[in-house]
Every structure is written in structure tokens, then in C-alpha cells.
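Colleague: Structure in C-alpha cells, see below.
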Amino acid sequence: MSNIRILVAEDEALIRMDLIEMLREAGYEVVAEAADGAQAIELAELHKPDLAILDVKMPILDGISAAEKIISIAPVLMLTAFSQRELVERARDAGVMAYVVKPFSIGDLVPAIEIAISRHSQMVSLASEVADLHERLETRKLIDRAKGILMKALNLSEPEAFSWIQRAAMDRRLTMKEVAQAVISPEAVPEGK
């Protein structure tokens, strides 16, 4: 549990103080506390916590609306007395990682915190992997288009066109994607083999 930094947003001061004490006793670091959703967003942007714990019903901006903004910064755990299906669905659709209903004990909270942080980490990793795969696919498409242009313009075989792109990339200290983009551009005039 070491060094997990948490933002707590709860409008009722006594509940907020009890929650913060409970979290600290469990080994978490509470880096900020807010009494409303708008303040929670500001503090999340300022402190970049590892997790935000938000109450649903808060003044100025409710916890789920705040969560919609905070999830781009940190995973969110909703902690609330309300378990209506509509609220749970709104929280789910907002990207909330966990939903704990009051009254709760630290035994309820710790697993929810750990799983929320773990799932968020996995999602970030998967999103990065998807972005990388997308980039590689786009590069491959560009290289294939450039190969087609070179095969036609210079009467090359596919392996020769690929080698041409590789050589051009090495000679010009460019990526193969950059060479492919240059070949595809309308003003490109490929030079001979």
C-alpha cells in the first residue's frame, strides 16, 4: 500500500475527517481534501493523486460530474450512501473504477482502493499498447502505399521497393514512415534505384 496518494472529496466535514484518519491508519497518504466537486477537480489537477475518493452528493458540482473530469488525471472511487441503480450506472458511464456504499469499514475500502488503482493501471497500459499498435498499423499502410508508388514509378519489385525505402531512411537519417510520407506526397519524384 505504500505511498499511494489519495484525494478525498466529501462535503460533510466529520465524515471527511474520519475517512482521512482511516486512510492514514491504513498506510495511505491523503494529499488533498475537498468539500465539493469543483474544488475536487482543482485539487486533482494540482496534486495529481493516485486515486480520488468522491462522495456522490456534494454542493456546487456532484461527485459523478467531478469524476468525469478527474478520471483523466486519476482513477476514481465513489463513496456514497446512495446505491440507486441510476447513480451506479452514471458512475460506471463516467469511468469510475469502484463504488462503495456507506456505511463502510476500512476492510471494505482497502480492497476497492487496491483494485481501482490496479485496474486503472491496466487500462492505461492497454490504451498505450493500442495507440502503439495503431501507430504501427498506420506506418505499415503508408509504407505499403509508398512501395506501390515506387514499384510503378521505378519499375521495382516489392522487395526492391521496400529496400529503396530502407536505404533512403538510413541515408537521410529519417524513419521509414517519414520516407513513405515523402514518397506519397504529390511533389515527390522518386530517384532511381
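Colleague: Which ones in the range 153-167 are not basic (Lys, Arg) and not in a loop (DSSP other than H, G, I, E, B)?
Modeller: Passing the criteria: Ala153, Leu154, Glu158, Pro159, Glu160, Ala161, Phe162, Ser163, Trp164, Ile165, Gln166.
Colleague: Scanning the range 58-75 for residues that are among the β-branched types (Val, Ile, Thr) and more than 12 Å from the chain's Cα centre (by Cα), which turns out surrounded by the fewest Cβ atoms within 10 Å (Cβ to Cβ)?
Modeller: The first filter runs over the range 58-75 and keeps only residues among the β-branched types (Val, Ile, Thr), leaving 60, 64, 70-71, 73.
Narrowing further to those that are more than 12 Å from the chain's Cα centre (by Cα): 60, 64.
On the way: Ile60: 14, Ile64: 24.
Among those that are among the β-branched types (Val, Ile, Thr) and more than 12 Å from the chain's Cα centre (by Cα), it is Ile60.
Colleague: Could you run through the range 16-30 and say how many residues are over 17 Å from Gly107 (Cα atoms) and either modelled with pLDDT under 95 or buried (at least 17 other Cβ atoms within 10 Å of the Cβ) (or both)?
Modeller: Residues that pass the stated criteria total 2.
Colleague: Continuing with the same structure: Looking at Ala116, Ala81, can you tell me which residue is in contact (Cβ under 8 Å) with a residue 12 or more places away in the chain and buried (at least 16 other Cβ atoms within 10 Å of the Cβ)? Let's see the steps before the verdict.
Modeller: Details: Ala81 fails: buried (at least 16 other Cβ atoms within 10 Å of the Cβ).
Criteria check complete, one pass: Ala116.
Colleague: Select, from Leu137, Leu150, Leu174, Leu142, the only residue that is modelled with pLDDT of 90 or more, over 30 Å from Glu29 (Cβ atoms) and outside any helix (DSSP H, G or I). Let's see the steps before the verdict.
Modeller: On the way: Leu137 fails: outside any helix (DSSP H, G or I); Leu150 fails: outside any helix (DSSP H, G or I); Leu142 fails: outside any helix (DSSP H, G or I).
Just a single option satisfies the conditions, and that option is Leu174.
Colleague: Within the bounds of the range 127-134, is there any residue that is surrounded by 13 or more Cβ atoms within 10 Å (Cβ to Cβ) and either over 25 Å from Glu187 (Cβ atoms) or in contact (Cβ under 8 Å) with a residue 12 or more places away in the chain (or both)? Quick ask: steps written out before the conclusion?
Modeller: So the first thing to find is which residues in the range 127-134 are surrounded by 13 or more Cβ atoms within 10 Å (Cβ to Cβ), and the list is none.
No, every residue in the range 127-134 fails to be surrounded by 13 or more Cβ atoms within 10 Å (Cβ to Cβ) and either over 25 Å from Glu187 (Cβ atoms) or in contact (Cβ under 8 Å) with a residue 12 or more places away in the chain (or both).
Colleague: Sticking with this one: Take Ala91 and decide whether it is in contact with a Phe, Trp or Tyr (Cβ under 7 Å, 6 or more places away or on another chain) and in contact (Cβ under 8 Å) with a residue 24 or more places away in the chain.
Modeller: Values: in contact with a Phe, Trp or Tyr (Cβ under 7 Å, 6 or more places away or on another chain): yes; in contact (Cβ under 8 Å) with a residue 24 or more places away in the chain: yes.
In short, yes.
Colleague: One residue is enough: does the range 15-23 have a residue meeting the conditions more than 18 Å from Val100 (Cα to Cα) and touching a residue at least 12 places away in the same chain (Cβ under 8 Å)?
Modeller: Within the range 15-23, none of the residues are more than 18 Å from Val100 (Cα to Cα) and touching a residue at least 12 places away in the same chain (Cβ under 8 Å).
The values are calculated or read from the model by the stated rules, or taken from the named source; none is laboratory data. Values in this document were obtained by computation on a predicted structure and should not be read as measured data. Don't worry about glycine lacking a Cβ; one is built from the backbone with ideal geometry, like all the others, and counts go over all protein chains shown.
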